[in-house]
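Trainee: Encoded as structure tokens, here's the structure I'll be asking about.
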Amino acid sequence: MTTLPPVTAEVAAAALESLPTRLRKRADSAAAKAADWPVAVTDATVVVRVDDATTVTLTTTAGVVTSPEDAVCSCLLAPACLHRAAVLTLAPLAEETDGPAATAVVPSDADDSTPVPPETGALDLTPPQSAAVHALRAAATAVLAAGVTGSGAVHRATLLHAAHSARVAGLHRAAAAAVRVARRLSEAGTGDPAFRLSELASELAELLTVAVGLRRAPDPVLIGTARRAYTANGSLRLHGLFTEPVVTASGYAGAVTYALAQDGRLRSLSDVAPGDADRARQAAGSPVPGGSALTLRELGDHGGAILTDPTVSPDGRIGGGGTVRSVRTSGARWHEEPLDTLWRRSPADQVAAALRWSAEPADERDAGGDLLFLTGTITGGGFAVDGGPTVRLLAPDERPELPYVENLRLLAGAHGLSLRLVARLAADRPSGVRALAAAWQGTDGDPIRADLGLRRLNRTHLPRTGTAVVPSVPAPALPAELDLLRRAVERAVAGGRAVTASVADGELPRRLAAVGLTTGAACARALVDTASDRRHDALGRLRPVDPEAYARAWLASSAYASAATASLLTAAWAREGNHDPV
């Protein structure tokens with residue numbers, strides 16, 4: 001099937017509304033059939049042919065289906081038909097992207113229902129907000145109890161309805177988290193290769209954490225903001241670092257260029273819109289805002305620019321707008337000032353900062369706050385980080401259209417090659433980092449810098465190297481018992497409460513306690529107990545299952561596993577940093 005256009009969360013939520021209950025139960029099987037229906041695309045119209053007499057027509061605005069009225073079926077039962085619901089269920093969820101507008105935004109729903117912080121800083125939820133929080137928590141708990149295998153179109157629609165209610169009520173962080181969970185469930189349901197169970201578990205934990213926090217002690221951090229507010233920034237002097245291709249499972253693609261500003265903060269410029277991997281490569285050639293004729297990729301490749309009157313969000317993302325002007329100027333190589341300062345920070349400090357960044361709300365994270373700037377040597381055991389451990393270089397994206405895998409396989413064979421690297425931590429694989437860009441001395445002595453997701457390398461780019469002489473420093477390793485707890489948390493998300501109950505035993509709590517992880521043992525024990533809790537009342541009848549108790553136990557286990565992993569990983573990098581490289 002040709003990729004369907006993204007649909008907004010509101011359109012996806014309304015997909016099942018018009019169906020009678022008996023048809024809603026058939027939505028998942030209908031969506032599975034819809035995957036084989038042929039699709040034709042013409043300009044702003046997408047036509048899905050069900051059979052010779054029936055078609056579903058989607059009309060897009062800027063590549064996105066933005067209204068339920070933009071999805072029309074030609075059958076007699078429309079709009080209360082399975083054809084339309086199946087197509088909308090199968091379509092990816094649209095993402096909120098930063099438009100070219102460059103001004104601060106005041107939410108349109110800022111009315112009497114939006115809480116105003118009293119002088120004490122505490123917040124009181126209004127009745128609509130309380131109802132939205134209850135609906136979000138119930139929807140998230142239902143997904144957790146059912147697991148990925150048991151969550152279908154109805155679960156996703158319930159989540160999206162709750163997200164819409166939360167957004168209207170001004171609970172933006174919770175609404176965004178619910179949409180992300182629904183998006184991950186859609187990826188899992190369609191068998192998208194980009195789906196990662198660890199990401200769904202993380203998003204589900206975020207949603208439950210925010211919902212629980214809003215019920216107990218709401219504050220502005222839990223409320224969140226409607227969208228990034230772009231404000232005028234005077235002027236910016238940018239030194240380009242690298243460009244990263246972006247391809248999402250929700251049908252968006254593009255490129256993001258990171259640059260260092262004169263204040264020492266990282267900034268990002270992006271061009272992301274509905275599309276596939278081909279669009280990611282094309283977007284790298286998009287111009288920097290302001291008419292300088294400098295492309296994103298050129299800026300990232302040792303380029304420089306001065307922007308006057310740009311708009312910048314609080315998290316460092318640069319917008320466009322009619323007032324911004326830009327001119328090309330000299331850039332810098334990675335080993336030159338001011339970029340060289342990024343590689344002079346100790347790896348352990350960078351890892352600690354990246355882990356703190358990942359714990360922040362998704363809409364408040366600074367651009368590039370998760371990036372690691374590492375220097376080291378390729379060895380037979382991996383990438384030996386100067387002042388750090390030896391780690392594996394992992395591909396951020398394994399799509400064959402992007403050259404990550406091929407490039408990293410080539411670099412892995414260049415034993416003895418000294419590299420400067422830009423990477424991200426792989427939270428689910430602590431022994432590795434996801435490599436984004438690299439620089440080294442080429443065969444003729446000239447420096448080579450490559451965006452590993454955009455530039456396809458060959459052997460002529462690599463110099464002849466000898467055997468590397470580096471210290472034997474092992475990769476960061478976490479206790480096996482903690483890894484088992486993390487897997488139990490993810491397995492619960494995959495299979496739901498019933499699977500957790502069926503495989504539960506007391507061995508994991510005992511193993512965690514034996515290695516001193518007593519809090520983890522208590523969390524694991526609570527997860528086991530609540531998953532299989534079928535106690536009887538005084539008359540010998542089975543008590544009803546308590547899904548909220550199970551959700552609380554799962555959330556505690558998830559929070560502990562994440563915090564313990566971050567703490568031990570930080571300590572591991574700091575410990576390995578005490579070894580001086582040869």
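Trainee: Tell me the per residue accessible area of the chain using a 1.4 Å probe; a whole number in Å² is fine.
Mentor: I get 44 Å² per residue for the chain.
Trainee: Roll a 1.4 angstrom probe over the protein heavy atoms and tell me the percent of accessible area of the chain that is carbon or sulfur.
Mentor: Summing carbon and sulfur atoms, their accessible area is 53 percent of the total for the chain.
Trainee: Same structure again: Calculate how many DSSP beta bridges within the stretch 7-92 are antiparallel, expressed in % of all such bridges and rounded to the nearest 5.
Mentor: 95
Trainee: How long are the three semi-axes of the equivalent ellipsoid for the chain, computed from the Cα gyration tensor as the root of 5 times each eigenvalue, in whole Å, largest first?
Mentor: Taking √(5λ) for each eigenvalue gives 39, 32, 24 Å, largest first.
Trainee: Another question, if that's okay. Given R₀ = 60 Å, what would the calculated FRET efficiency be for Leu77 paired with Arg356, taking r from the Cβ atoms and rounding to 0.05?
Mentor: For Leu77 and Arg356, the calculated efficiency is 0.65.
Trainee: Between beta-carbons, use under 11 Å as the cut-off and find the net charge around Ala85, counting Lys and Arg +1, Asp and Glu -1.
Mentor: Net charge in that neighbourhood comes out at +1.
Trainee: Can you give the calculated 222 nm mean residue ellipticity of the chain, where each DSSP H run of n ≥ 4 adds -39,500 (n - 2.57) and the sum is split over every residue, rounded to the nearest 500 deg cm²/dmol?
Mentor: After summing the helix terms and dividing by residue count, I get -12000 deg cm²/dmol.
Trainee: Could I have the simple spin-label model distance between Thr341 and Arg216, label points 7 Å from Cα toward Cβ, reported in nm to one decimal?
Mentor: 4.0
Trainee: Within 10 Å, count the other beta carbons around each residue, average over each peptide in 414-425, 448-459, 158-169, 25-36, and list them highest first.
Mentor: Top to bottom by mean Cβ count within 10 Å: 158-169, 414-425, 448-459, 25-36.
Trainee: Each residue of the stretch 506-519 in order: what ³J(HN,Hα) in whole Hz does its phi give by Karplus 6.51 cos²θ - 1.76 cosθ + 1.60, θ = phi - 60°, with x for Gly and Pro?
Mentor: The phi angles translate into x, 5, 4, x, 5, 5, 5, 5, 5, 9, x, 8, 5, 5 Hz.
Trainee: Oh, and also: What ranking, highest mean first, results for peptides 81-91, 140-150 when packing means the other Cβ atoms within 10 Å averaged over each residue?
Mentor: Order by mean packing, descending: 81-91, 140-150.
Trainee: Related question: In Å and whole numbers, how far do the C-alpha atoms of the stretch 120-243 stretch along each principal axis, longest first?
Mentor: For the stretch 120-243, the Cα extents along the three principal axes come out at 52, 44, 20 Å.
Trainee: Separate question: Using per-residue counts of other Cβ atoms within 10 Å, averaged over each peptide, order 301-311, 286-296, 250-260 from highest down.
Mentor: Going by the mean number of other Cβ atoms within 10 Å, highest first, we get 250-260, 301-311, 286-296.
Trainee: Set the Förster radius R0 to 25 Å, insert the Cβ-Cβ distance between Gln441 and Val405 as r into 1/(1 + (r/R0)^6), and round the FRET efficiency to 0.05.
Mentor: Working from the Cβ atoms, E equals 0.55.
Trainee: Bin all alpha-carbon pair distances of the stretch 387-458 at 10 Å intervals from 0 and give each bin's fraction as a whole percent.
Mentor: Binned Cα distances yield the sequence 19, 54, 24, 2.
Trainee: Quick one: net charge around Leu144, please, counting Lys, Arg +1 and Asp, Glu -1 for every other residue with C-beta under 11 Å from its C-beta.
Mentor: Charge balance near Leu144 sits at +2.
The values are calculated or read from the model by the stated rules, or taken from the named source; none is laboratory data. These numbers come from a predicted model, not from an experiment. All Cβ positions, even for glycine, are placed from backbone atoms using ideal geometry, and neighbour counts span all protein chains on display. The accessibility values were calculated without ligands, DNA or RNA, using every heavy atom of the protein model including side chains. Shrake-Rupley method; radii C 1.70, N 1.55, O 1.52, S 1.80 Å.
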